[in-house]
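Worksheet for the structure shown next.
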Amino acid sequence: MLIRPVSILSADRKYKVYRIDFHSLTELETYLLGDPKVNVAVFPSQKSEYMPESFAGAPLAQAIRYCHGGYDTGFDKFLQLKKDLERANVKAQNFRRSVPSVVGSRPHVPNFLAGTPKTMFRLDRAKEKKFIDLYVNLAYSGETTEGQILSRGILVLNMINLFEQNGIAVNLVAFEASQVQDEIFIAEVRIKRPGESLNAGKCYYPLCGKEFIRRVLSRVKESMPFHQKWGLGYGGVLSEDLVRRCMGITEDVLLVRSPIEIGLKGKNIYEDADLFFNDLNLSDEIKVPRYLDYMRKQNENV
C-alpha cells in the first residue's frame, strides 16, 4: 500500500496539520527506502544526514535499517534497569475458582450424594479482557539527555507490563508531534497491538534510540510539503492540548509526554518511576508500587 502524507486544517482552522501514519516499523522502513523526495525549498540541507553521530547516532542509512534489523546500542543496560524496576511490581493473582456445575472436569461428591443436579466442578469464566490505547509522543527538546530518554522507554514498557498483569491489553502507538508557527507535523507508528505479546527488543528502538527521532523521523519530516521555516530547527514539541485536539485523543486516553515535561531526571530509575506514574495519575485499575520506597527497603536489607 502506498504511504503518503495528508494535510488537513485543524477543527478551529488555525493550523495546517501534515500527517503520515505507518502501521508498523517495516512500513516506515519501506517508505524511507523509497527515498521520498526532499522538500528542498524548506530543507536546503538535510539534518537527518549531516547531524554529528555524537548527537544523532549512527548514519541515516544504518538508522533506517535498524527498523527491521534490530537496535542493540545500550540494550544490555536497558534490560538490566527494566529488570531492576520490575522486581518492585506486585503481580496480580489471576485465580479461577472451581464452582459446582452440571458438567465439568471432576466430580462434586457431596452434591452427587445429595442428589442435586450440579454433580461436577468446573472453572468459572475468566474475566473479560479489557484493552487500552497508549500514545507516546517521541518528540523531545535538544537538551534532553540519553538517560532521560532511556528512563522514559523503560517506564513505558514497565507500565505495559503492569496493565497486562492485571488483564488489560495495551495498544501502543508511538508518534512525533511538532510545530512551526501555524504548521503541525504528526508521524504515527503502530508498535504493539492488543493481541501481541510485549517484545522489548522491538519497542526499544523507537522508544530509546536517538537515531529514531533524530534521523529516521527527521527524514520523514524532510519529505513533507511544508511552507514554514522547518529547516531552521525542525520544530518544537507540540503541546499536550494540541496533540489531543489534532489526533483526536480524548482526556481518558493515556498520553505520555516528553521526558522533560514529565520531570524525569535520567539518573535513578526508581525516582523517575514515581515521577512518571504521578504524572499519569493512573486509575485504581492497576496497583502501582512506590518505587523509591522499594529501593530504600532493598538498601536497608543489604
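No lab work stands behind these numbers, since they all come straight from the coordinates. In this text, all values refer to a predicted model and were calculated from it rather than measured experimentally. Neighbour counts run over all protein chains shown; Cβ positions are idealised from the backbone, glycine included.
Cβ crowding within 10 Å, taken as a proxy for footprinting-reagent exposure, orders Arg215, Arg87 from fewest neighbours to most as Arg87, Arg215. For the pair Glu143 and Leu79, the difference between a 0.36 nm per residue extended length and the Cα-Cα distance amounts to 20.6 nm.
When each of Lys14, Lys287, Lys47 is scored by the number of other beta-carbon atoms lying within 10 Å, the sequence from fewest to most is Lys14, Lys287, Lys47. Taking 7 Å steps out from each Cα toward its Cβ at Glu261 and Leu232 produces label points 2.2 nm apart.
Ranking of Cys67, Cys246 by neighbouring Cβ atoms within 10 Å, starting from the fewest: Cys246, Cys67. Loop-located GluC sites (Glu not before Pro) in region 151-251 (DSSP state not H, G, I, E or B) with no more than 15 neighbouring Cβ atoms inside 10 Å: Glu196, Glu251.
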